[in-house]
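The values are calculated or read from the model by the stated rules, or taken from the named source; none is laboratory data. Quick caveat: nothing in here was measured; it's all calculated off a predicted structure. Because the Cβ atoms are built from the backbone with ideal geometry, glycine has one as well, and the counts that use them run over all protein chains shown. With ligands, DNA and RNA removed, areas are computed over all heavy atoms of the protein, side chains included. Shrake-Rupley method; radii C 1.70, N 1.55, O 1.52, S 1.80 Å.
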Amino acid sequence: MSDQAAPHQGFASRYRNVLLGLLAVAIFFAAWQAVFLFVPFNPLFISKPTLILQALVSLLVSGDLLHDLAISAVPFVYGFSSAAVVGVALGIVMGWRPRVGYTLDPIMIMFYASPLVALAPLVIVFFGVGVSGKTIIIFLLSIFPFIFNAQAGVHAVDRLLINVVRSLGGSERDLYLKVIVPSVLPYIVAGARIAVGRGLIGVLVGEFFAASEGIGYAIARFGDLFALDKMFACILCIMIIAVALTEGIRLAERVAFPWRVGQ
Amino acid sequence: MTETRAIETDIGGPLESAAPADGLWHRLESTIFGAGGIVVLLAVWEALPRIVTLSAGTKLFFTTPSQIAETLWQMFATGSIWVPLSVSASGFALGLGLAVVAGLPLGVLIGRSPTLNAMLDPFITAFNATPRLVFLPLIMLWFGLGLWAKVIVVFIGALFPILINTYEGVRNADKTLINVVRSFGANEWDVARLVVVPNAMPYIVAGLRLAIGRAVLGVVVAEFFGSESGLGVMMVQAAGQYHVDKVFAGLIVFAGLSLIMTAAVQVLENRLTLWRPQRAGGE
Amino acid sequence: MPGYIQGRNVNLTFRPPNRGPVRALSNFDIDINEGEFLSIVGPSGCGKSTFLNVLLGLVKPDSGDLQIQGKPIVGPGTDRAMVFQEFGLLPWRSVQDNVELGLELKGMARDARRKVSQPLIEMIGLAGFEGHFPHELSGGMKQRVGLARALATDPHVLLMDEPFAALDAQTRDLMQVELLRVWQEARKTVLFVTHQIDEAIYLSDRVMVMTKRPGRAKTIFPINLPRPRDYEMRTTPEFNELKLEIWNSLKDEITV
């Protein structure tokens, strides 16, 4: 923009927002820790950052945390990936064939509008508390973002671009590789970002209900045992995973689809 | 991170199909196919046990639309629905109301103050990405099994869509329009009244719509795991006793609650946004 | 004799966050006579729009002296009004409410506002469209509303920031004719920023060419073509000669 070379700018002004955010997080934890200098500390009701950190370390060292995470990851991977495959396929067909879209749209809206979590007890009773029950809950919860976004992506394919590629002598293969896939893919990835959150809900619902292992079970059990430091450690762990997954996908979107400015 | 926080809309919301609206058949085509789809689904579901012999175990978990309708009718006719429904509805209304009361001003505040926004951004990002369900055991520990635990669960679910959408709407206020009213001597209050708030309105309504879905989810989940009464409690008990029709009846009532609220918001939106170009295709 | 609008040594540097500072105006001098139509042409980003915002009172210069009728500019005031490039209509307000915006902010009562806005809406040819929202209007109609809104507060100075740039060529030609008619009636002092040399010559008493950023006045061309002007005038040799002169002055400033 500027004609002149931009003069050197201080680190602080360039990373102002990041620094402010880090500062706020630091203040938050410091205040949390400090408040018990003035308020009596009741470990059966609340925990504090130092204790949570200790609990996190001990859970990591003993391997319990990783074990629970691994247990929970299995149905998540199964449910999420099958939701992706089925949802994208269904969404593309619904987008491509208008009549299939007309027919299935209201049904999908109906399912999407109803709190499907409410079917969890039924699924658990029917399929049991093992991997299969959780997988189905996760599948049910995370499929809809894939369906709707794949459908929206197909609708968003620019007919003009198809004609452009055709007029330049492009083959059907070119059409798919150069126009359709690049148009639809960003929608699907955005759908995946939404689906991650819903899939995690599925994990927790399944494990809160009835389970003997897994991270959701661990949180519920530590709550029952009033082991709040360990409970907070597990909650923190889930928060980190959730942020890493959604922000990771968001970052991947920005790297992979830099042309989608401001979407 | 601050610059690119994605706006929460129902991005996954189904799209209106872009068919040329020409002639009666074309206009009715989507309705006919849509209604047909639902009718076929219900008919097959209803006919299935008559055509296929289900094993005794599967039969226990099977119900038909007619049974569900019958159960639903009985629940209303005998009035057995009203107590659990009112318990669930009050948790829903209180939680959603609190989320609006807290989310709107906070959203305006971080929309107008870049510093505050930068400081709160890590918290908002973290809480928004995390399924709020993870806090449920903690909330139950703190608030017990009564109404307030439920209200809090609904509140933290509904807060973020409202907060984030308000923030986006405030932040996206057109700089030119702000300059326009300033050039006529407007003060900060005039700018907010004439530009920022009207501009944010559609965002807020979209956030509200999303928040309704989250609030219903919150009620269901809270009642599944930590309540003594309510529609969700009724459903868990029904599932345990293999009253599958009752589970589905509860699901339909929840869906109905969600749809009625969404329709109310839609009416509100249409009244507030007369000035906007009609969306292509119509509703 | 000091000008009606007088600027001396106006300097302005933008300091955007996360980027280097941008010098927008450097020792900028300007004199505008009362009732004059002055156009400013210059390369993109030379600071001509910035100068309008300074005159409007939305942006404060770092240094220099800027006066209207001998009084320094301290902020927005009803003696000046702007017509914006992208129209700047509030999308949630009807035509009438948009025209009355400035009057409303002045605290004028509803009935009094109607008395002012109604003749203006008729003048711009939008009678019958009072209740329409901006999205229901064409680009030309929108900018008529923008013009009426600026005139409603009866300012002495009309600032126009590439007002016709967003319009198609035919609409633009018609709007130029319209603007001249309004100007002839209302006799405002007009400061008109544009990219189009044709437009500048056709409308103006004088055309000022600005240098590239940081912007200064480079040359001022008096346009001694007779008024009232008509469309055919654009084909006369005098017109084309002026156009060539101005282009020659401008082209050195443009870097592609």
message = Suppose we filter A:ARG198, A:ARG166 for residues that are at pLDDT below 85, open to solvent by 40 Å² or more (accessible area, probe 1.4 Å) and either in contact with a helix residue (DSSP H, G or I) (Cβ under 6 Å, 6 or more places away or on another chain) or not aromatic (Phe, Trp, Tyr) (or both); which single one remains?
response = A:ARG166
request  = Could you list, in sequence order, all residues of segment A:218-235 that are open to solvent by 60 Å² or more (accessible area, probe 1.4 Å) and either assigned to a helix (DSSP H, G or I) or at the interface with chain B (Cβ under 8 Å from one of its Cβ atoms) (or both)?
outcome  = A:ARG221, A:ASP224, A:PHE226, A:LYS230
ask   = Taking the condition away from chain B (no Cβ under 12 Å) and either in contact (Cβ under 8 Å) with a residue 40 or more places away in the chain or over 17 Å from B:ILE178 (Cβ atoms) (or both), does C:PRO134 pass?
value = no
message = When the residues of segment A:77-117 are narrowed to those that are among the aromatic types (Phe, Trp, Tyr) and touching a Gly at 6+ places or on another chain (Cβ under 6 Å), which ends up most open to solvent (accessible area, probe 1.4 Å)?
response = A:PHE80
message = So, A:MET239, is that one open to solvent by less than 30 Å² (accessible area, probe 1.4 Å), over 30 Å from A:VAL125 (Cβ atoms), facing another protein chain (nearest Cβ under 9 Å) and in a helix (DSSP H, G or I) or not?
response = yes
request  = May I ask you to say which residue of C:GLY20, C:GLY64, C:GLY47 is within 14 Å of chain A (Cβ to nearest Cβ) and more than 30 Å from C:GLN184 (Cα to Cα)?
outcome  = C:GLY20
ask   = Residue check, B:VAL219 against (1) modelled with pLDDT of 90 or more; (2) more than 11 Å from chain A (Cβ to nearest Cβ), all met but one. Which one?
value = (2)
task = Scan segment A:118-155 for residues that are farther than 22 Å from B:LEU60 by Cβ, aromatic (Phe, Trp, Tyr) and either facing chain B (nearest Cβ under 10 Å) or in contact with a Cys (Cβ under 8 Å, 6 or more places away or on another chain) (or both) and jot them down.
result = A:PHE144, A:PHE146, A:PHE148
key: Whichever residue in segment A:216-252 is of a type in the set (Lys, Arg) and more than 30 Å from A:GLY191 (Cβ to Cβ) and, among such residues, is modelled with the highest pLDDT   = A:LYS230
message = One residue is enough: does segment A:139-159 have a residue meeting the conditions open to solvent by less than 10 Å² (accessible area, probe 1.4 Å), within 30 Å of B:GLU223 (Cβ to Cβ), more than 17 Å from the chain's Cα centre (by Cα) and free of Cβ contacts under 8 Å to residues at least 60 places away in the same chain?
response = no
ask   = Which residues, taken from segment C:92-115, are among the aliphatic types (A, V, I, L, M), more than 22 Å from C:LEU174 (Cβ to Cβ) and within 14 Å of chain B (Cβ to nearest Cβ)?
value = C:LEU101, C:LEU103, C:LEU105, C:MET108
inquiry  = Checking the condition without any contact (Cβ under 8 Å) to a residue 40 or more places away in the chain, at the interface with chain B (Cβ under 8 Å from one of its Cβ atoms) and open to solvent by 60 Å² or more (accessible area, probe 1.4 Å), which residue from A:LEU37, A:LEU23 passes?
reply    = A:LEU23
note = Those residues of segment C:152-186 which are open to solvent by less than 40 Å² (accessible area, probe 1.4 Å), part of a loop (DSSP other than H, G, I, E, B) and of a type in the set (Asp, Glu) amount to C:GLU162
key: Candidate set from segment B:101-150 (those that are at the interface with chain A (Cβ under 7 Å from one of its Cβ atoms) and small (Gly, Ala, Ser)); member that is surrounded by the most Cβ atoms within 10 Å (Cβ to Cβ)   = B:ALA129
message = Which count do you get for residues in segment B:49-77 that are open to solvent by less than 50 Å² (accessible area, probe 1.4 Å) and modelled with pLDDT of 85 or more?
response = 7
ask   = Among the numbered criteria (1) open to solvent by 70 Å² or more (accessible area, probe 1.4 Å); (2) assigned by TED's automatic domain parsing to the domain that holds B:SER88, which single criterion is violated by B:PRO277?
value = (2)
note = If you go through A:VAL181, A:VAL196, A:VAL157, A:VAL165, the only one that is part of a loop (DSSP other than H, G, I, E, B) and aliphatic (A, V, I, L, M) is A:VAL157
query = Looking at segment B:1-41, which of the residues that are assigned to a helix (DSSP H, G or I), within 10 Å of chain A (Cβ to nearest Cβ) and open to solvent by 80 Å² or more (accessible area, probe 1.4 Å) is modelled with the lowest pLDDT?
reply = B:GLU3
ask   = Is segment A:246-255 home to any residue that is within 8 Å of another protein chain (Cβ to nearest Cβ), touching a residue at least 24 places away in the same chain (Cβ under 8 Å) and open to solvent by 60 Å² or more (accessible area, probe 1.4 Å)?
value = no
ask   = Among B:VAL219, B:VAL196, B:VAL134, B:VAL154, which is the only one that is hydrophobic (A, V, I, L, M, F, W, C) and farther than 29 Å from B:LEU257 by Cα?
value = B:VAL196
note = Selection from segment B:179-195 of residues more than 7 Å from chain C (Cβ to nearest Cβ), open to solvent by 20 Å² or more (accessible area, probe 1.4 Å) and part of a helix (DSSP H, G or I) yields B:GLU188, B:TRP189, B:ALA192, B:ARG193
request  = Select the strands (runs of 3 or more DSSP E) contained entirely in segment C:1-100, then report the ones holding at least 1 residues which are among the acidic types (Asp, Glu) and in the same structural domain as C:PRO226 (by TED's automatic domain parsing).
outcome  = C:22-32, C:63-68
query = If a residue has to be away from chain A (no Cβ under 13 Å) and touching a residue at least 12 places away in the same chain (Cβ under 8 Å) to count, how many in segment B:49-82 make the cut?
reply = 9
Residue satisfying all of: in segment C:23-55; in contact with a Pro (Cβ under 7 Å, 6 or more places away or on another chain) and surrounded by fewer than 21 Cβ atoms within 10 Å (Cβ to Cβ); farthest from C:THR255 (Cα to Cα) among these = C:SER26
request  = Test B:ILE178 against the stated conditions and say whether it is of a type in the set (A, V, I, L, M) and either in contact with a strand residue (DSSP E or B) (Cβ under 7 Å, 6 or more places away or on another chain) or free of Cβ contacts under 8 Å to residues at least 60 places away in the same chain (or both).
outcome  = yes
key: Residue among B:ALA211, B:ALA239 that is open to solvent by less than 30 Å² (accessible area, probe 1.4 Å), in a helix (DSSP H, G or I) and either facing chain A (nearest Cβ under 10 Å) or at pLDDT below 90 (or both)   = B:ALA239
